[in-house]
Number of protein chains: 2
Amino acid sequence: MLNNDLTELLKIEYPIIQAPMAGGVITSKLVAEVSNSGGLGMIGAGYLTPIQMREQIQEIKQLTSNPFGINLFVPNEFIVEENEIVSSNQFLYPIRQQLNLHQKDSFEIPNFNDVFKTFIEQIKVVIEENVPICSFTFGIPSKEVIAELKLSNIILMGTATTVREAVENEKAGMDIVVVQGSEAGGHRGSFIDGNQESLVGLMSLTPQVVDNVNIPVISAGGIMDGRGLMASICLGAKGVQMGTAFLTCVESGAHQVHKEAILNANEDHTVLTRSFSGKWARGIKNKFILEMKKYETLLPYFPVQNTLTQDIRKTSATQNTQDFMSLWSGQSPRLAKSQTVQSLIINIIAEAKKLS
Amino acid sequence: MLNNDLTELLKIEYPIIQAPMAGGVITSKLVAEVSNSGGLGMIGAGYLTPIQMREQIQEIKQLTSNPFGINLFVPNEFIVEENEIVSSNQFLYPIRQQLNLHQKDSFEIPNFNDVFKTFIEQIKVVIEENVPICSFTFGIPSKEVIAELKLSNIILMGTATTVREAVENEKAGMDIVVVQGSEAGGHRGSFIDGNQESLVGLMSLTPQVVDNVNIPVISAGGIMDGRGLMASICLGAKGVQMGTAFLTCVESGAHQVHKEAILNANEDHTVLTRSFSGKWARGIKNKFILEMKKYETLLPYFPVQNTLTQDIRKTSATQNTQDFMSLWSGQSPRLAKSQTVQSLIINIIAEAKKLS
């Protein structure tokens with residue numbers, strides 16, 4: 001059951017995909033090690049410029065001859081509301097004070113046109129560099145973009161948090177769909193059904209999606225070991241995408257404070273917050289989340305809020321305090337270990353083989 | 001993997017436990033059919049008087065010679081606040097109007113001493129009737145109660161929604177622990193870690209509990225078929241407890257409107273609410289939940305709120321409208337079917353055997 005149409009399509013040995021975590025976690029070494037160990041390494045290019053992307057792709061090509069993938073954020077339209085920015089900065093004021101941070105007078109607030117232009121340039125880089133697999137979060141790209149990528153034989157993976165989102169991904173021509181359960185750390189990939197009340201657990205989500213699409217399904221959210229891999233396969237998935245499990249690996253670029261926060265957390269220590277970026281994301285509850293909770297519905301949308309909190313997150317990291325960092329984590333931190341990528345994958349497969 | 005220490009302990013053929021849903025869903029026929037088909041039928045005695053309990057136990061004994069179990073609510077202390085009752089009735093006023101219900105002048109508000117006395121009498125009936133298995137929701141009974149039940153060789157099952165709750169169950173002497181994932185329909189069994197923000201999905205919860213207790217673990221929440229059973233076993237559980245899957249069976253006493261609401265629902269149509277009973281529970285979103293949402297934090301605690309909404313739920317059911325009924329359901333309604341208990345269990349086992 002570990003060799004199936006997914007592994008064949010992706011030309012990988014094991015149906016283990018490393019989640020394309022954005023924001024510094026994913027070093028080229030991490031991606032290459034995953035691919036060299038038989039899984040699929042993925043670049044999280046959501047926050048990368050086209051130039052940075054190209055550099056990382058070329059770096060990885062030096063480190064592995066196996067397939068790897070890249071993930072892009074599909075731009076969602078947003079409007080920059082001056083008054084929301086002013087009030088968000090007011091809410092952030094006491095936090096900047098605690099960090100001895102200067103109040104910033106101006107921010108490089110992104111606008112939708114620029115974000116969209118960058119996305120189109122990112123697509124160009126994916127094609128020029130001939131990255132074999134490209135996945136998307138926060139939506140489905142346009143027909144034109146999909147057609148262009150398909151012309152270059154790039155395998156496309158979408159993200160869904162409900163059956164409807166999975167069906168839309170299939171209809172749009174995605175070759176594979178990653179279903180993200182409520183357990184997942186980091187940003188929710190929702191783009192149609194974003195209701196935070198109705199977050200669906202992976203045990204429910206996987207079989208219901210499998211029954212409603214014909215493309216291979218990958219389960220994501222809280223999976224850390226061979227038990228989770230085999231459970232997902234029983235539910236009808238063809239493989240798993242794992243984030244937190246790779247985040248605490250020695251090759252990961254995550255801040256040591258972040259790694260330790262996960263290694264010391266319990267299963268009920270994570271919450272969903274939109275205070276860091278403007279989009280809902282799951283992370284370990286800390287001072288930032290608690291202090292911002294009362295303003296959560298008033299904050300600007302992604303990526304505006306993300307820009308506003310950037311200096312705070314960075315400074316908190318520089319000061320080695322977890323209080324104001326985004327400590328993304330899924331709901332299985334008790335299963336996290338500090339180990340190499342290779343031993344993580346070897347252990348998963350050994351455990352999975354015992355169970356199958 | 002389907003025959004293990006759990007099936008041996010419970011003396012059942014298949015590791016399938018029918019969830020002890022309270023409030024009319026569970027007919028004696030349903031319980032007996034589950035046990036006759038090789039699973040474990042369970043009486044949901046939470047709302048039953050000791051006399052009703054004894055009657056149902058005796059009825060089931062006529063219908064099956066196989067083991068069956070019973071579930072009790074562990075009483076949680078509560079204080080009756082007159083002003084909360086008055087305001088809750090004010091919030092319920094427009095709903096009673098829509099149902100052409102007379103405004104009630106007086107309610108038989110329960111008090112903790114009576115609830116506790118009933119619990120002790122329920123325990124007596126369990127012992128006198130020699131019910132082989134007794135499970136608990138909403139807490140762990142006292143040492144004395146546990147000792148008494150153990151003296152009669154009754155097998156004890158606790159309920160947990162976090163690792164800590166599972167560990168406490170084991171420490172207290174429970175023989176088995178049911179772990180309830182965020183996917184589960186009906187009442188949350190939380191009794192220490194009741195934070196609704198940190199609801200843990202079953203895929204994360206099961207292995208983390210399995211790693212931290214030595215007693216057999218049963219997975220519950222969103223499991224409907226052989227895929228869910230085998231996935232749970234891969235995660236380290238010894239069996240599953242299923243509610244919604246039995247609720248839509250032909251032998252279930254659930255209202256036809258409730259059954260149809262489940263059969264027509266999607267995976268993201270359920271939400272958590274405490275408006276029906278005062279305790280958090282998962283059901284299909286309807287008019288009652290939406291209209292009461294803004295008052296949710298102001299309502300009296302269980303079982304006071306449950307008493308206040310009783311006439312509303314009953315009248316809504318009598319009028320065959322789903323608007324004001326408690327439509328409990330887990331997150332996998334797309335997998336629900338109208339079938340007999342026997343075919344449900346036969347299908348689960350056939351699917352599970354194909355996967356194992």
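Measuring how big the stretch B:5-355 is from its alpha-carbon positions, Rg and Dmax come out at 19.2, 59 Å.
State the antiparallel share, in %, of DSSP beta bridges confined to chain A, rounding to the nearest 5.
Taking every DSSP beta bridge with both residues in chain A, the antiparallel ones total about 20 percent.
Between copies, the label points at B:K143 (set 7 angstrom from Cα along Cα-to-Cβ) are spaced 7.3 nm, reported in nanometres from shortest to longest. Using alpha-carbon positions, what is the distance between the centroids of the stretch B:90-137 and the stretch A:188-219, in Å? The distance from the Cα centre of the stretch B:90-137 to that of the stretch A:188-219 comes to 37 Å.
Arranged from highest to lowest average of other beta-carbon atoms within 10 Å per residue, in what order do the peptides B:204-210, B:318-324 appear?
B:204-210, B:318-324
At a threshold of 8 angstrom on Cα-Cα distance, excluding pairs fewer than six apart, so keeping six or more, what relative contact order does chain A reach in percent? Mind dumping the intermediate values first?
On the way: 730 pairs, mean separation 67.6, N = 356.
Normalised by residue count, the contact order of chain A is 19 percent.
Pairs exceeding a 30 Å alpha-carbon distance, out of A:K353/B:K285; A:K171/A:K293; B:K11/B:K143; A:K293/A:K314; A:K143/A:K238: A:K353/B:K285; A:K171/A:K293. Remark: the stretch A:174-180, residue by residue, has Karplus-estimated 3J(HN,Hα) of 4, 7, 8, 10, 8, 9, 9 Hz, where x stands for each Gly or Pro and the curve is 6.51 cos²θ - 1.76 cosθ + 1.60 at θ = phi - 60°. Applying a DSSP loop filter and a limit of 16 other Cβ atoms within 10 Å to the chymotrypsin sites (Phe, Trp or Tyr not before Pro) in the stretch A:106-206 leaves A:F107. Shape descriptor for the protein assembly as shown: Rg over Rh equals 0.98 (Cα atoms; Rh from the Kirkwood inverse mean 1/r). Scattering from the stretch A:24-109 was approximated by placing one identical point on each alpha carbon and applying the Debye formula without solvent; log10 I(q)/I(0) at 0.14, 0.21 1/Å stands at -0.70, -0.91. Once the Cβ-Cβ distance of A:L151 and A:E260 is raised to the sixth power relative to R0 = 60 Å, the FRET efficiency obtained is 0.85.
If the reach is capped at under 12 angstrom between alpha carbons, list the aspartates and glutamates near A:K29, excluding any in the same chain fewer than eight residues apart. Correct list for A:K29: A:E59, A:E251. Here the extension length gained between A:E108 and A:N3 equals 33.1 nm, from 0.36 nm per residue of separation less the Cα-Cα distance. Our summary of shape: the Cα atoms of the stretch B:1-72 have principal axis extents of 38, 21, 18 Å, ordered from largest down, in whole angstrom. Could you tell me how far the Cα centroid of the stretch A:298-356 sits from the Cα centroid of the stretch B:150-179, in Å? Using only Cα atoms, the two centres lie 33 Å from each other. Only one residue of A:T309, A:A166, A:I346 has its Cα farthest out toward the positive end of the dipole of chain A, where Lys and Arg carry +1 and Asp and Glu -1 on Cβ, and that residue is A:I346. Under 17 Å from the Cα of B:K104, which aspartates and glutamates turn up, not counting those fewer than eight places away in the same chain? Within reach: B:E82, B:E84, B:D311. In this structure, the amide hydrogen of A:T159, modeled 1.01 Å from its nitrogen in the peptide plane, lies closer than 5 angstrom to those of A:F136, A:G139, A:V178, counting only residues at least 5 positions away or on a different chain.
Length gained on full extension, A:E55 to A:N320, computed as 0.36 nm times the residue gap minus the Cα-Cα distance: 92.6 nm.
With K and R counted +1 and D and E -1, the other residues having a Cβ less than 14 Å from that of B:L272 yield a net charge of +1. Within straight-line reach of A:K150, meaning a Cα separation under 16 Å, sit the following aspartates and glutamates at least 8 residues removed in sequence or on another chain: A:E128, A:E129, A:E170, A:D175. Between B:N264, B:N306, B:N89, the GNM of chain B built on Cα springs shorter than 10 angstrom shows B:N264 fluctuating the most.
Of A:S356, A:S37, the sequence from fewest to most neighbouring Cβ atoms within 10 angstrom is A:S356, A:S37. How much FRET efficiency would the formula 1/(1 + (r/R0)^6) give for B:Q97 and B:V167, where r is the Cβ-Cβ distance and R0 is 56 Å, rounded to 0.05? Computed FRET efficiency for B:Q97 and B:V167: 0.70. Each other copy places its own label point for A:Y93 at 4.1 nm from this one, sorted shortest first, where the point lies 7 Å along the Cα-to-beta carbon line. Counting Cβ atoms of other protein chains within 10 Å of each Cβ in B:260-272 and taking the mean gives 4. Restricting the calculation to Cα atoms, every distinct pair contributes to the Kirkwood radius of the stretch A:243-342, found to be 13.8 Å.
Converting phi to 3J(HN,Hα) with the Karplus coefficients 6.51, -1.76 and 1.60 and the offset θ = phi - 60°, the stretch A:271-281 yields 9, 8, 9, 10, 6, 6, 10, x, 10, 5, 8 Hz in sequence order, with x at every glycine or proline.
Look at the stretch A:180-186: the mean tally of other chain Cβ atoms within 10 Å of its residues' Cβ atoms is 4. Charging the Cβ of each Asp and Glu at -1 and of each Lys and Arg at +1, and nothing else, the dipole of the stretch B:5-355 about its Cα centre rounds to 680 debye. Across chain B, where is the longest run that never hits GluC sites (Glu not before Pro) in a DSSP loop with at most 13 other C-beta atoms within 10 Å? Here the longest run is B:109-356.
Extent of the stretch B:141-271 along its three principal axes (Cα atoms, max minus min coordinate, largest first): 44, 31, 29 Å.
Calculated on C-alpha atoms, the gyration radius of the stretch A:191-258 divided by its Kirkwood radius gives an Rg/Rh of 1.05.
Note on B:K143/A:L272: beta-carbon distance plugged into 1/(1 + (r/R0)^6) with R0 of 35 Å gives a FRET efficiency of 0.35. With the label put 7 angstrom out from Cα along the Cα-to-Cβ vector, A:F107 ends up 4.5 nm from the copy partners, going from closest to farthest.
Values quoted throughout were computed directly from the atomic coordinates according to the rules given, and no laboratory measurement underlies them. Note that this is a predicted model, so its numbers are computed, not measured. We place every Cβ from the backbone using ideal geometry, glycine too, and count neighbours over all the protein chains shown.
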